[in-house]
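Have a look at this one before I ask anything.
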Amino acid sequence: MNAPITCCRIEADDDLIKSAKTMLCSDNKILRDKAKLFSLLGNEVRLKIVTLFLSYTRMCVCDLADVLEMKQSPISQHLRKLKDAGVLDNKREGMTVFYFISSGVKLELEQLLKG
């Protein structure tokens, strides 16, 4: 059997450890927000929805149901999660509600998903 790998450093780099802790502490809110975004996009359906919105400016639930070949109810639930997280926004036009990516996160999502 393989023996567990253990750290074999001779002495700790106190400056590195202090600097790294400070960096994580100062970036804590940013990291928490990114973790929430990654968690949302970790669901395949939500990732597909966001990817569609990066290519198509706006879509309604019916459009998404046809494209994803799913019922409207589960799509609506995914849209609600994305909207509550500030990823999507919506606008009613008559009887139809159109969804689109919130302007504040569009560039970040493009960089994240389109490389």
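Take Ser19 and tell me if it is farther than 18 Å from Gln111 by Cα and modelled with pLDDT of 95 or more. Steps first, answer last, please.
Values: farther than 18 Å from Gln111 by Cα: yes; modelled with pLDDT of 95 or more: no.
The answer is no for Ser19.
Taking the criterion of being closer than 15 Å to Tyr56 by Cβ, under 13 Å from the mean Cα position of the chain (by Cα) and open to solvent by 60 Å² or more (accessible area, probe 1.4 Å), would at least one residue in segment 94-108 satisfy it?
Scanning segment 94-108 turns up at least one residue that is closer than 15 Å to Tyr56 by Cβ, under 13 Å from the mean Cα position of the chain (by Cα) and open to solvent by 60 Å² or more (accessible area, probe 1.4 Å).
Out of the residues in segment 30-76 that are surrounded by 14 or more Cβ atoms within 10 Å (Cβ to Cβ) and basic (Lys, Arg), which is nearest to Val97 (Cα to Cα)?
Arg58
Do the conditions hold for Leu107, that is, is it of a type in the set (A, V, I, L, M, F, W, C), touching a residue at least 24 places away in the same chain (Cβ under 8 Å) and in a helix (DSSP H, G or I)?
No; evaluated as a whole, the condition is false for this residue.
Related question: Working only within segment 24-75, note down all residues that are in a helix (DSSP H, G or I) and among the hydroxyl-bearing types (Ser, Thr, Tyr).
If the condition is that a residue be in a helix (DSSP H, G or I) and among the hydroxyl-bearing types (Ser, Thr, Tyr), then Ser26, Ser39, Thr51, Ser55, Ser73 are the ones that fit.
Then there is this: Suppose the filter is open to solvent by 70 Å² or more (accessible area, probe 1.4 Å), among the polar types (S, T, N, Q) and within 22 Å of Leu112 (Cβ to Cβ); does Ser19 pass it?
So Ser19 fails the test.
Taking segment 77-93 as the search range and keeping residues that are closer than 19 Å to Asp33 by Cβ and open to solvent by less than 70 Å² (accessible area, probe 1.4 Å), which one is farthest from the chain's Cα centre (by Cα)?
Looking at the filtered set, the residue picked out is Asp89.
The values are calculated or read from the model by the stated rules, or taken from the named source; none is laboratory data. As the structure is a computational prediction, the values presented were derived from the model and not from experiment. Every residue, glycine as well, gets a Cβ built from its backbone with ideal geometry; the counts of neighbours run over all protein chains shown. Ligands, DNA and RNA are stripped out before the accessible areas are found, and what is left, the full protein with its side chains, is counted by its heavy atoms. Shrake-Rupley method; radii C 1.70, N 1.55, O 1.52, S 1.80 Å.
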